[in-house]
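Report on the following structure.
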Amino acid sequence: MTLPASAPTPAAGAGRSLLDVQNLSMRFGGLLAVDNVTFEVRRGQIFAIIGPNGAGKTTVFNCVGGFYRPTTGAVTLDGQPIQHLPSHRIARLGLVRTFQNVRLFKTMTVVENLLISQHAQLEARLLPGLFKTPKYRRAETAALERAAFWLEKVGLLAVANREAGNLAYGQQRRLEIARCMITHPKLLMLDEPAAGLNPQETRDLDRLINELRAEHGVSVLLIEHDMSLVMGISDEILVVEYGRPIATGDPAAIRANPKVIKAYLGEE
Amino acid sequence: MSGFSFLEFVQQIINGLTLGSIYALIAIGYTMVYGIIGMINFAHGEIYMIGAYVGLMAITGLSLFGVDSIAAILLVTLAISILVTGSYGWTVERLAYRPLRNSPRLVPLISAIGVSIFLQNYVQIGQGARDVSMQPVLTGGWRFGPADGFQVYLSYMQVLIAVVTVAFMAGLTLFISRSRLGRACRACSQDRTMANLLGIDTDRVIALTFVLGAALAAVAGVLVGMYYGLVNPFIGFIAGLKAFTAAVLGGIGSIPGAMLGGVVLGLAESFASAYLQTEYKDVVAFALLILVLLMRPTGLLGRPDVEKV
């Protein structure tokens, strides 16, 4: 599955490329947070962005996900330009994300969190809801079944009716991933999914991400500091420093790249 | 103080609960809007006033058509007032608040004050500034107590207010806790950005919140109109202020809090009028607010502000 470093394959890539980011830059006043970043995530790929703190990784995420409007550059999801779309439209096109800090609906139950993310797919008109028409009930049952499937998958079925805010941190992280996956995304973006996890939980996460790709065909774009996770899981890695891309390649190439060692790994 | 009997105490409870029901219905509108967009809708009192006017017109119209069943009058009037007032709520949000959604917090607040002044004057122009009265729809009640002493009076209207209020609150509670849209409302009040990212049309949820708040204010308006038989374009100001107080007292953003805050405020006013002097009722109401906020800044049932990132 490993691909050559940033192989420019315009002819073959047309069908295989899922997310295409071209010359992306983001300027905040005098600060050029992201400087001319180009990368491509292919279908079924696990792609990682790494770099020291403040390198601009999350800013790249925010530009891709529609949180920020990039100063320059183009972002294409599945052939469709998305850099001008609002984030909820991008989400509906199949690009969903988690955040560095867990953003669950903390006072709602675990299962409600999963129902909420299906809201866009469920009909939510006022009157069918008030009168609970058979159609409404059927859709609600189906939504609950999907929620149960994903809770089982991430090992949270036993705590389905607890308030999400009361879960252990690792469980909250897994719930966030389930909440994304239940919408059948094409691309799952994870912003530091292993942050705050213990080694065992990190290994579970590694397995979960691989399972998601194998069983549900999702591509993954992640930002991560945990090198054991990144090196083990990624097909391709982009290294950024001070907003600029300094290397792209598979884990072995990145590990051996002197620029990367100097900028990043050398400082560990 | 010694001259007050148990029966008089009961009477104050009845009066307080009646008043408190009205405050609670209006307070829910404040608290729901605050819960979702963090804004105090200062025009909400005027929405309630419009609800009362629409109710009065509906009742007058129905009696012109010769409808005399109390149940029919009540149901049709409530339906009409909820529909019309709900559309006012929707329109106000659409025209005066939505365009300012991403402005600094003070801006929609000023806009709300403007809407409030506008609506008050708009009703004055249309309906005149004087009291408009109507014939009572529901009269009579029960008396309890000794024939020669103080008698507790419980009017049918007071019972009706309590029943209608409880019914609408139960309906709202069910809607919020059980329905899909209610779930979306709760999600938006916790993290609007995230809800939006998950594909929820937050503008629609916000509009719904305004419509629901306006509908409950309409119910309050109709009930007050029927209870006192009087409306004027200025009733929205003080009622809005009191209901806002009730919402803050209960914990702004919390729906059960608004209900509790309304009842507590109603009881406090009622007891103050009876045991001190009528003029002191507002003093007691607002003193109570200050006391509660000193001891529990988040209100009776409010949660501390969740950190937003």
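What follows draws every value from the coordinates through simple rules; no lab data is involved. All figures in this text were calculated on a predicted structure; none of them were measured in a lab. Counting neighbours? That spans all protein chains shown, and the Cβs are built from the backbone with ideal geometry, glycine included.
Checking the conditions here, which among A:183, A:202 is assigned to a loop (DSSP other than H, G, I, E, B) and of a type in the set (Val, Ile, Thr)?
Numbers: A:202 fails: assigned to a loop (DSSP other than H, G, I, E, B).
None of the other options fit; the residue is A:183.
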Legend entry - Subset of segment B:194-248 (residues that are without any contact (Cβ under 8 Å) to a residue 60 or more places away in the chain and within 21 Å of residue B:57 (Cα to Cα)): B:228
Inset, instruction - Could you please let me know if residue B:192 is over 24 Å from residue B:75 (Cβ atoms), more than 10 Å from chain A (Cβ to nearest Cβ) and charged (D, E, K, R)? - result: yes
Inset, instruction - Could you give me the residue pairs with C-beta distances under 7 Å whose first residue belongs to segment B:271-299 and is among the β-branched types (Val, Ile, Thr), whose second residue is part of a helix (DSSP H, G or I) wherever it lies, and which are 6+ apart or on separate chains? - result: B:284/B:268; B:284/B:269; B:284/B:272; B:292/B:249
Inset, instruction - Give me the pairs, please: first residue somewhere in segment A:102-116 and among the basic types (Lys, Arg), second residue anywhere and not in a helix (DSSP H, G or I), beta-carbon distance under 9 Å, and either six or more positions apart or on two chains. - result: A:103/B:191; A:103/B:309; A:106/A:163; A:106/B:191; A:106/B:306
Legend entry - Residue match in segment B:175-185 (condition: polar (S, T, N, Q), over 22 Å from residue A:137 (Cα atoms) and within 7 Å of chain A (Cβ to nearest Cβ)): no
Inset, instruction - Scan segment B:202-221 residue by residue and report those that are among the hydroxyl-bearing types (Ser, Thr, Tyr) and over 15 Å from residue B:34 (Cβ atoms). - result: B:202
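May I ask you to say which residue of A:244, A:162, A:179, A:213 is of a type outside the set (A, V, I, L, M), more than 24 Å from residue A:41 (Cβ to Cβ) and either within 14 Å of another protein chain (Cβ to nearest Cβ) or in contact with a strand residue (DSSP E or B) (Cβ under 9 Å, 6 or more places away or on another chain) (or both)? I'd like the intermediate steps shown before the answer.
Working: A:244 fails: more than 24 Å from residue A:41 (Cβ to Cβ); A:179 fails: more than 24 Å from residue A:41 (Cβ to Cβ); A:213 fails: more than 24 Å from residue A:41 (Cβ to Cβ).
Unique residue meeting the criteria: A:162.
Quick grid of which residues meet (1) under 15 Å from the mean Cα position of the chain (by Cα); (2) more than 9 Å from every other protein chain (Cβ to nearest Cβ):
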position: A:42; (1), (2): yes, yes
position: A:45; (1), (2): yes, yes
position: A:48; (1), (2): yes, yes
position: A:53; (1), (2): no, yes
position: A:86; (1), (2): no, no
position: A:92; (1), (2): yes, no
position: A:107; (1), (2): no, no
position: A:113; (1), (2): no, no
position: A:151; (1), (2): no, yes
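Answer yes if at least one residue in segment A:205-216 is part of a loop (DSSP other than H, G, I, E, B) and either buried (at least 18 other Cβ atoms within 10 Å of the Cβ) or in contact with a Phe, Trp or Tyr (Cβ under 6 Å, 6 or more places away or on another chain) (or both), and no otherwise. Give the derivation first.
Of the residues in segment A:205-216, the ones part of a loop (DSSP other than H, G, I, E, B) are none.
No, segment A:205-216 contains no residue that is part of a loop (DSSP other than H, G, I, E, B) and either buried (at least 18 other Cβ atoms within 10 Å of the Cβ) or in contact with a Phe, Trp or Tyr (Cβ under 6 Å, 6 or more places away or on another chain) (or both).
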Legend entry - Of the criteria (1) closer than 22 Å to residue B:82 by Cβ; (2) within 14 Å of chain A (Cβ to nearest Cβ), which one residue B:224 fails: (2)
Legend entry - Extreme residue, surrounded by the fewest Cβ atoms within 10 Å (Cβ to Cβ), among residues of segment A:94-105 that are more than 8 Å from every other protein chain (Cβ to nearest Cβ) and in contact with a Pro (Cβ under 9 Å, 6 or more places away or on another chain): A:94
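Condition first: surrounded by 15 or more Cβ atoms within 10 Å (Cβ to Cβ) and among the aliphatic types (A, V, I, L, M). Now tell me which residues in segment A:29-44 satisfy that. Full working, then the answer.
Narrowing segment A:29-44 to residues surrounded by 15 or more Cβ atoms within 10 Å (Cβ to Cβ): A:32-35, A:37-44.
Within segment A:29-44, A:32, A:33, A:34, A:37, A:41 qualify.
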Inset, instruction - Provide a single number: the residues in segment A:186-199 that are at negative phi and either part of a loop (DSSP other than H, G, I, E, B) or among the acidic types (Asp, Glu) (or both). - result: 7
